[in-house]
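Beneath this line is the structure, given in structure tokens, with notes to follow.
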Amino acid sequence: MNSSKSPGLAGFGILKNTTCHTEKKISVFFSIIFMTVGILSNSLAIAILMKAYQRFRQKSKASFLLLASGLVITDLFGHLINGAIAVFVYASDKDWIRFNQSNILCSVFGICMVFFGLCPLFLGSVMAVERCIGVTKPIFHSTKMTSKHVKMMLTMVCLFAVLIALLPILRFRAYQIQASRTWCFYKTEHVEDWEDRFYLLLFSSLGLLALAISFLCNAVTGITLLRVKFKSQQRQGRSHHFEMIIQLLAIMCVSCICWSPFLVSMARIGINASHSKENCETILFALRMATWNQILDPWVYILLRKAVLKNLYKITRGCCGMHIINLHMWELSSIKNSLKVAAISESPGPCLKC
């Protein structure tokens, strides 16, 4: 029987002879910890975003706040839904045959894994593109990147992620219970059918593409900010340069470190198919690393603000006992200051300073 086309028994063959074992108590404990920390972190980030939106209603910052809100809300629901299902599976002793006779839970779990995996990556790349446009083309950003356009982009990103997640269901290909019996995803063992390989390659290619776009746009933004810093003698832009460069480095490092192992593992399985050497423990470890990205997202995008950086600088200077860089009062908001400094540096004359 082809389990990929038999929804009622999808993946049950894996349950009979699995070589991947996880300690129930430890796994439940870590699942609860991951879910709790993720929910608290993203909830705090949402509260900070709401407070910031009430304080700053400039058009230049509205797009950033909307995209950041979409990111942390997606991460929040990802931890809430996926975490609750994972805890239920562990608490039920991973007895899928008992509670998944119709494969509904596995299908929902698989859809959520794909959606909440790709959507934050897409949103991260969209935020990188928005930041790059805001720094390199501030006039275009201030006139074209309206709240309406940003909401349309958010909707399109979410719909595209939903389409990718529902694609196997629309093609009557059931999501599979993985060898660890703790989560559901595309078929990753004994992959021989071209369609199963296609789903794995599609997921990994889209994820790696989103990371590449984020890396490229963040690199362009960082180089532009450094050029503006060295060309402009205006003191008002230096703190913003310091803040943005730190954020860009953190964003690129966290995303690449957390997601690359899982995406590369899925790509290798899709390319090598049944000859892939990826084992259950490796895939499960890569999946947990990817989960950490959703925990760290709010801290990187939202909580690593100028106030935190100032305190870190004071602590570092106190420990080192030396003067590293002269930080002044952080008076202007980050997005507004970025647009103003970039516009000044691009202007041919002093007229744009008005």
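Counting only protein heavy atoms and a probe of 1.4 Å, the accessible surface of region 135-180 is 77% carbon and sulfur.
Counting only protein heavy atoms and a 1.4 Å probe, region 59-197 has 41 square angstrom of accessible area per residue. Per residue, the convex hull spanned by the alpha carbons of region 104-161 comes to 62 Å³.
The values are calculated or read from the model by the stated rules, or taken from the named source; none is laboratory data. Please read all numbers here as calculations on a predicted model, not as lab measurements. All accessible areas refer to the heavy atoms of the entire protein, side chains included, with ligands and DNA or RNA removed. Shrake-Rupley method; radii C 1.70, N 1.55, O 1.52, S 1.80 Å.
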